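Handing you this structure, nothing more for now.
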Amino acid sequence: MTKFFLCIYDWLNTRKWFAAIILIFCLTGCALLISQLNYSEDISDFLPHDKKNEKIADAYQHIGGQNKIAIIFTSVKSSQENADHLASVMDAFNENWQKVDSTHIVKNLQVRVNDSAMMNMINFIQQNYPFFLIPADYQRMDSLLAQPNYIMKQLKNDKQMLMLPTGSVFSDNIQSDPLHLFTPVLRRLQSFQISDHYNLYDGCIFTDNWHKSLIFFNSPYGMSESEQNSMLAQMIDHTIKMTQKTYPDVHISAIGAPLIAATNAQQIKHDGILAVSLSIILIFALLICSFRRIGDLLWIIVSIAFGWLFALGGIALYSDHISIIVLGIGSVIIGIAVNYPLHFLDHLKHESDKRQALKEMVPPLLIGNITTVGAFLSLAWMNAAAMRDLGVFGSLVMIGTILFVLVFLPLFAKSRKHMANNKLTFGKLASFSLENTKFLLWPVIILTIILGIFSLQTSFDSNLQHINYMTKQQRQDLNLLSGSLQNSKEECIYAIAEGKNMEEALRNNESLQQKIKAIGKKDVSYVSGIGDFILSTQKQHQAIYRWQKYWDAHRQSVLIELQKASTAQGFSAEAFKPFSKLLSQNYKIQPISFFAPIQQTLGNSYVCKTRQNISIINFVHTPQQNVKKVKKNLNSSTKYFAFNQSDVGSKYVDQLSFDFNYIGYACGFIVFFFLWLSLGRLELSLISFLPLAISWVWILGIMQLLSIQFNIVNIILATFIFGQGDDYTIFITEGLISEYAYHKKMLASYKNSVALSALIMFVGMGTLVFAKHPAMRSLGEVTIIGMFTVVLMAYYFPPLIFKWITMVNGEKRNVPQTLQRIGYSLFSLLFFLFSVYLIWIPYTFIYFHIGKITEKKKRHYHLNLCRISKFIIQHVPGVKFSYENKASETFDKPAVIICNHQSHLDLMCLMMLTPQIIILTNDWVWNNPFYGMIIKYAEFYPVSNGIDTNLPKLKDLTERGYSVVIFPEGTRSEDSSIQRFHRGAFYLAEKLQLDILPIFIHGVGHVLPKKDFMLRKGSIYMEITQRISPTDLSFGIDYRQRTSAFHRYYLNHFELICKRKENTAYYLPYVNYKYMYKGVSVESHCRKMLKKSPIYEKYIDADYSNLHNIWIMNSGQGEFALLFALVNKNIETYAFEATEEEHLLASNCSYLPRNLHFCALPENDLLLYDYPQPDKCLVLLTNERSELNRFEKYHPQYITIK
């Protein structure tokens, strides 16, 4: 992608007028699209939605009267006499409201309860008793009518009631039901009473202490229509002020979900404007202190503005609205987006060439942008609309900003003059190496473990009231209303039956009622619902059948006895005509509309209608300890469902918990995947990702310690952490790569940019702490904790780990650590430990402690050691093993075996040759806790005892047919060369008159060097040469002469092996290691070059024995030259790179051969004469013929390599 943006820059740099036209066109298009956007202010947009949640939410919204508004009148006095005064105030409020609401926006404001509607409903029920009687009522009638003289006694009681002053109240009911047979029907109406905490006086609603009175009405607007509800709130406030002018002794307030939503919207607007304004001002001030150039600040503002407009325009393409809360969180997004222009302009301080600055900044900026966009896009699949908007908006802001920074900013921003001693804004902080603080690692690890344990307890706050903004008065009023409806001993379960139409809903509700009755009175105290008053056709048929069957059997006898008793009590003949008519009338099945008087009065609270279906709500009151049991029974069918108030929050908690995990895993996966893809190495992606993972653990743990909970808003913290944090770790990782590859001191500059960016982020997010809205304030609090942790981890872990894998003791490693090397080594170590502790040590102990130790037993033990050694050495991960037995050695005759010593693997190489072998070892091997016991039972002896001390034991072993292995060098060679020989081996051979058997091992020191405990890729070669008998005087007459002679022999023969084995193919893995962790393009180029090794072999592996100096022109990154110098150690190799960048890259490889000299190719060919003149010149061609023309005139004996 770097080449892509450089091509755009090169093309537009000569056509800046065209770039300006494109920019203006983009801004104009975005502005036109933005003009079509609408802005929603509903906090519930952040709630997750699915079908089940929506069903519960719709029902609960209907139950809770989400559009209902209550006007609360509070008097200083609290007595029933004060009720008349409050009623007058309520009437005055109504009069004032009619003046304010001249257009009659509110349709149902009622100061007094509508008594006529209630009486009409009761009259309707009295006229249609047969529909409302249940089987239990007939049982009651049977028991009453079976009592002797019941009718006469009941009429006598009726007469007494009518003679009372209040007798007229009972007149209609007595006429319809003189025998009180249908009383349970009217009694069941009492279940519709909302609470015992209210009193009704003169048609007005008062609290039970007469201290407050209430007026209720519904907002004509939905909760999400905050603008209209705000207007309604202003009208209410104006009416309250008018009323309180007349009645200053009465306090008037208003409460309701629409008003709370309007208050939230206003506060969100205020806090959003405050947060964004403060962040812009403070960030602007900070940038002035840092850049001190107005032009740079303006370009930063323009970059962010372009990204912002680009995002809003992009959203307008597929949606006509966006949550205003999303824009309120814009202060945080600004803090992330500002990184891109900030890093680029800050880099211009150190690189005055804008093209070069663009080239160097494209990789870190683009990688950071891709991962941030990916993290934001993970929100696009969440179940909350506002979260999806935030994900898309954040992604588009990032995309728009990076496009401006990489396309337009390099064209128009002015470059600075390069200053060698340009001071960094945060110089001391940037130059401080936190990773060098040795005592810090273990405290960080311990803290991470502790906070990790606490992080497992982090929880969600599902109470939406905690993230809603309410005034103090609103909270008091809300507590008044909710407290008056609660019963501390019982809990209400909402049992809801559904149907596509009213008839189906009623049938399902009747099934639900049967289910509730089957539960029993122990678990259900009482039920409030319309199931007994609005009947389906099926239930009507059953009710009419019961009525007719019952009265066909009792009508005549009851009416005759009633007539006699009424005459006896002095009632007129027509006194109970309504009752007689009720018993004699024929009833038919009625349509649902027949029950309109009931539905209009009560049904609106118990019937919820949506476009999809109709729901009938039943309020099931049950003891708190039985709630779970009752809900489980009522959720056993698809026709109905049940929930309680806590379920409303718990459903969101379940969904939020899923979303929380989803965000964590999705962001983590996306960021890690793109880091891996962009950085090109799994190790580098882990270095960049690890601080984010540890930061997340710290954040959760700190939140738990500080009792901070997640909620539906601050859950997006994960996105911000991964979005901003990966930018920091990427920049620091890129700085480490740059220093490692080119030795350019860029890390301090990158750290300075990160520090400045982090401070801007803290300012941007810190402004949210001043917000009064709890949702936005919680976001500010949590994200500050998160970003502080991310910055700390970004400063500490990437340098710590990168330096460990590339450096040791302050110097570059010969070969860097890789996951493959660690994996191979760890596997080999675990296999070794497993074999030793679980197999060989138990086997050795048992083998030598059970039964008699015989020579045959010992030889069998050595045979097993030989077999396992052979298996191990032939299966070393990443290593090829081969050996030659040129002398056809059988090891039947004892000898002193000498061998060069390079690695721990030497023992395995030798032990695999024959079971008839013992090895003289040093004390470290003899006392080794892993395999010391095995060594001892194998009759290996420590060389520190001295040859003379061990001589009798060794003589015994040789007489038993064993050969003795001694490493004449005494210790492993660090560079695989042959070291000085000690005389012990040759002294032993002379004393025991044994043959000397030379064995050569090559490559082991490259696979597992002395000062490295990690395996490398490579190959091992072992060669067995001819025995030298004691009588062979060609190597000297005594052990002293033989020591020197064999040392010369080893030097010469090992050199021949090296020439034969150390060719191009041999050094390919080594050269590949040299270019690891130096950037994606560098490693990619290296792999391409090494794939051409079959072509290069004929040039590198050729015979150059007569040459002393050779030039390699256009050596690029130096892979070819390094291979050539490694293979041809006796030739002085001068490699010329075409660019300064390539020269720095090649010359900064660690442990370069002494015969290799990397040189920058001079612009003037005459300067080439300053170097030793070559015997031959190799030219690596690109695609330019001019290269050939240049070198033809200088050195006609060149060889071109494509």
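Since every read-out is calculated from the coordinates, none of them should be taken as a lab result. It should be emphasised that the depicted structure is a prediction, and the values quoted were computed from it without experimental measurement. Note that we place each Cβ from the backbone using ideal geometry, even for glycine, and neighbour counts take in every protein chain shown.
Using only Cα atoms, find the angle between the long axis of helix 502-519 and the longest principal axis of the chain, and express it within 0 to 90 degrees, rounded to the nearest 10.
80 degrees
Roughly what would the spin-label model give for N38 and Y665, points 7 Å off Cα along C-beta, in nm?
Roughly 3.7 nm, to one decimal.
Past the 30 Å Cα-Cα mark, which pairs from K812/K880; K16/K751; K354/K1092?
K16/K751; K354/K1092
Still on this structure, please answer the following. Projected onto the charge dipole of the chain (+1 at Lys/Arg Cβ, -1 at Asp/Glu Cβ, origin at the Cα centre), which of L86, L451, Q556 gives the Cα projection farthest towards the positive end?
The residue sitting farthest along the positive end of the dipole is L451.
Obtain the nm distance between the two label points defined at K245 and L286 by a simple spin-label model: each point lies 7 Å from its Cα along the Cα-to-C-beta direction.
Here the modelled spin labels are 5.0 nm apart.
On a 0 to 90 degree scale, rounded to 10, what angle separates helix 1039-1061 from the longest Cα axis of the chain?
60 degrees
Measure nothing fancy, just the Cα-based angle from helix 1080-1091's long axis to the longest principal axis of the chain, in degrees from 0 to 90, nearest 10.
Approximately 50 degrees, to the nearest 10.
How high is the relative contact order of region 819-1061? Use alpha-carbon pairs under 8 Å, at least six apart in sequence, and give a whole percent.
26 percent
In deg cm²/dmol and to the nearest 500, what is the mean residue ellipticity at 222 nm of the chain if only DSSP H runs of at least 4 residues count, each as -39500 (n - 2.57), divided by the residue total?
-18000 deg cm²/dmol
Shape of region 819-1061 from its Cα gyration tensor (a ≥ b ≥ c, root eigenvalues): rounded if a/c is under 1.5, otherwise prolate when a/b > b/c, or oblate?
oblate
Return a single number: how many Lys pairs in region 438-577, at a sequence separation of 8 or more or on separate chains, have alpha-carbon atoms below 17 angstrom apart.
Counting lysine pairs in region 438-577 gives 6.
Mind listing which trypsin sites (Lys or Arg not before Pro) in region 1084-1170 are in a DSSP loop and have 11 or fewer other Cβ atoms within 10 Å?
Of the trypsin sites (Lys or Arg not before Pro), the ones in loops of region 1084-1170 whose Cβ has at most 11 other Cβ atoms within 10 Å are R1154.
Which whole-number percent gives the relative contact order of the chain, counting Cα pairs below 8 Å spaced six or more residues apart?
Relative CO of the chain lands at 11 percent.
Under the 0.36 nm per residue contour assumption, what length would be gained going from the current alpha-carbon distance of S143 and Q538 to full extension?
That pair, S143 and Q538, stretches by 139.5 nm at full extension.
Let me ask something else. Where the centre of each part is set by its Cα atoms, how far does region 818-850 sit from region 229-282, in angstrom?
75 Å
While we're on this one: Along the positive direction of the dipole of the chain (beta-carbon charges: Lys, Arg +1; Asp, Glu -1; about the Cα centre), which of V362, Q267, M761 reaches farthest?
Value: V362.
Same structure again: Please identify which residues in region 897-912 have an amide N closer than 14 Å to a label point set 7 Å out from the Cα of N1052, following the Cα→Cβ vector.
The answer is none, because no backbone nitrogen lies closer than 14 Å to the label point.
Would you work out the charge dipole size for the chain about its Cα centre, treating the Cβ of every Lys and Arg as +1 and the Cβ of every Asp and Glu as -1, and quote it to the nearest 20 debye?
2060 debye
Straight-line reach from K893: which aspartates and glutamates fall under 15 Å, measuring Cα to Cα and dropping same-chain residues less than 8 apart?
Straight-distance partners of K893: D956, E959, D995.
Grab the beta carbon distance between S1029 and K1129, set R0 = 51 Å, and tell me the FRET efficiency rounded to 0.05.
Efficiency computed from Cβ-Cβ geometry: 0.90.
Calculate, for W804 and I850, the FRET efficiency according to 1/(1 + (r/R0)^6) with r their C-beta to C-beta distance and R0 35 Å; round to the nearest 0.05.
For W804 and I850, the calculated efficiency is 0.15.
Here's something else I'd like to know. Rounded to the nearest 0.05, what FRET efficiency is calculated for M161 and H466 with R0 set to 56 Å and r the Cβ-Cβ distance?
0.55
If you don't mind, there's one more thing I want to ask. Among F871, L1145, T207, which residue has its Cα positioned farthest towards the positive end of the charge dipole of the chain, with +1 placed on the Cβ of Lys and Arg, -1 on the Cβ of Asp and Glu, and the dipole taken about the Cα centre?
F871
Using Cβ counts within 10 Å as a stand-in for footprinting exposure, how do S303, S290 rank, fewest first?
Sorted ascending by nearby Cβ count, the order is S290, S303.
Between the alpha-carbon centers of region 726-785 and region 943-989, tell me the distance in whole angstrom.
Measuring centre to centre over Cα atoms gives 62 Å.
Cα centroids of region 90-122 and region 992-1021: how far apart, whole angstrom?
Value for the Cα centre distance between the two parts: 102 Å.
For K953, give me every one of the aspartates and glutamates with a C-alpha distance below 12 angstrom, ignoring sequence neighbours fewer than eight places off in its own chain.
E939
Still on this structure, please answer the following. Cα-Cα pairs above 21 Å in region 891-980: how many percent?
Everything past 21 Å amounts to 28 percent.
Under a straight-distance cross-link criterion of Cα-Cα below 15 Å, which aspartates and glutamates are reachable from K1010, leaving out those fewer than 8 residues away in the same chain?
The reachable aspartates and glutamates, counting only those whose Cα sits under 15 Å from K1010, are D906, E969, E974, D975.
Would you mind ranking S219, S753 by Cβ crowding within 10 Å, fewest neighbours first?
S219, S753
Test of understanding: ordering I255, I934, I1020 by Cβ neighbours within 10 Å, fewest first, what list do you get?
The most exposed by this proxy come first: I934, I255, I1020.
Cβ under 12 Å from Q820's Cβ, Q820 left aside: what net charge do those residues give with Lys, Arg +1 and Asp, Glu -1?
Taking every Cβ under 12 Å from that of Q820, the sum is +3.
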